1. In terms of the Cα gyration tensor, with a ≥ b ≥ c the square roots of its eigenvalues, is the stretch 48-102 rounded because a/c is under 1.5, prolate because a/b exceeds b/c, or oblate?
2. Quick one: which residues, 5+ away or cross-chain, put their amide H under 5 Å from the amide H of VAL124? H built at 1.01 Å from N.
3. Anyone know which of ILE166, ILE181, ILE158 comes out most mobile in the 10 Å Cα GNM of the chain?
4. If you wrap a convex hull around the Cα atoms of the stretch 1-125, how much volume per residue is inside, in Å³?
5. Let me know the shape class of the stretch 53-188, please: from the alpha-carbon gyration tensor, a ≥ b ≥ c as square roots of the eigenvalues, rounded when a/c is under 1.5, otherwise prolate if a/b is greater than b/c, or oblate.
6. How many angstrom separate the Cα center of the stretch 10-36 from the Cα center of the stretch 74-144?
7. Students often get this wrong, so check it: of LYS17/LYS151; LYS175/LYS195; LYS151/LYS200, which have C-alpha atoms separated by over 23 Å?
8. Would you mind working out the accessible area per residue for the chain, using a 1.4 Å probe, and quoting it in Å²?
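The values are calculated or read from the model by the stated rules, or taken from the named source; none is laboratory data. From a predicted model like this one, the values you see are computed outputs, not experimental measurements. Note that we place each Cβ from the backbone using ideal geometry, even for glycine, and neighbour counts take in every protein chain shown. When the accessible area is computed, the model is the full protein with side chains, heavy atoms only, and any ligands, DNA or RNA have been set aside. Shrake-Rupley method; radii C 1.70, N 1.55, O 1.52, S 1.80 Å.
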Amino acid sequence: MKRTRHAIETFEPLTEKTPFSYLEAFKTFRTNVEFVTSTDNCKAIMMSSALSGEGKTTASINLAIALAQNGKRVVICDCDLRKPKVQRYLRIKTPAQNGVSTVLSGSCSLDNAIGYVEEMGIYVMLSGPIPPNPTELLSSDRAKAMIEELKSKFDYVICDSPPVAIVADALAFSKFVDGCILVVRQNYAFQHDIKECLNKLKMVDANMLGVMLNNYDVKADSNYKYDKYYSYSDANYYGTKK
Ligand SMILES: Nc1ncnc2c1ncn2[C@@H]1O[C@H](COP(=O)(O)OP(=O)(O)O)[C@@H](O)[C@H]1O
Ligand SMILES: [Mg+2]
């Protein structure tokens, strides 16, 4: 099977000009997220994936925008403290002095680390300066307190994270969020990478909300009638289907 890995990183935010099929698929994704989070004060969501490049950061930002377009107060947190991309994708010119890393190290208050991106209608907490100890910071009591405080201020807290198969940060952090969505890019990670990633998340008792199938090639699948870039399926998908 041919696997495409992307070296060049670009980001297209959801706007009125976004191609219809992409927009519709994202609206469906948003609706599904709203359904699965409608109970138990489920507000803080971590977007994870096995490998880098599967579309976590893209999906995190566009999910945040889609939820905000539906009237929700949403903050996106860049919890990828090793290779943060949210700042670049949101085209914020100046790197933030404060962000997740400085809040977690106790040198900044939450309010001083959050900004508002007017054109997208979302709040953002950038990663802050790259710390030497990301796993420790993301598994600390301060990380738990940060998520609780964010939940008290926002309808949704969308956390971008580093890949599960590569570093332990996301696993450590997953216990503080209410649920995780696994982003799986078609023809990208191998099945064993994805299974291992799900097993690791299961081992730390992460609450799996579902799997988002990214960059899905509908033309190659005759079962699908409509053009879609994204699709969303139940978390059990990988447990039952090869
Ligand atoms: N559905 C998609 N269609 C086309 N390109 C995509 C899609 N999702 C992500 N990409 C691109 O793939 C690259 C990696 O995405 P990114 O969100 O940075 O992945 P990750 O955060 O998992 O490393 C970026 O250039 C992004 O624009
Ligand atoms: Mg990323």
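1. Judged from the Cα gyration tensor, the stretch 48-102 comes out oblate (a/c at least 1.5, b/c at or above a/b).
2. ILE76, GLY115, TYR116, VAL117
3. ILE166
4. Output value, Cα hull per residue: 153 Å³.
5. Numbers: a/c = 1.30, a/b = 1.03, b/c = 1.26.
Because its axes are fairly even, with a/c under 1.5, the stretch 53-188 counts as rounded.
6. Rounded to whole Å, the Cα centres lie 24 Å apart.
7. Working: LYS17/LYS151 31 Å; LYS175/LYS195 19 Å; LYS151/LYS200 25 Å.
As for pairs spanning more than 23 Å Cα to Cα, those are LYS17/LYS151; LYS151/LYS200.
8. Working: 12190 Å² over 242 residues.
It amounts to 50 Å² per residue over the chain.
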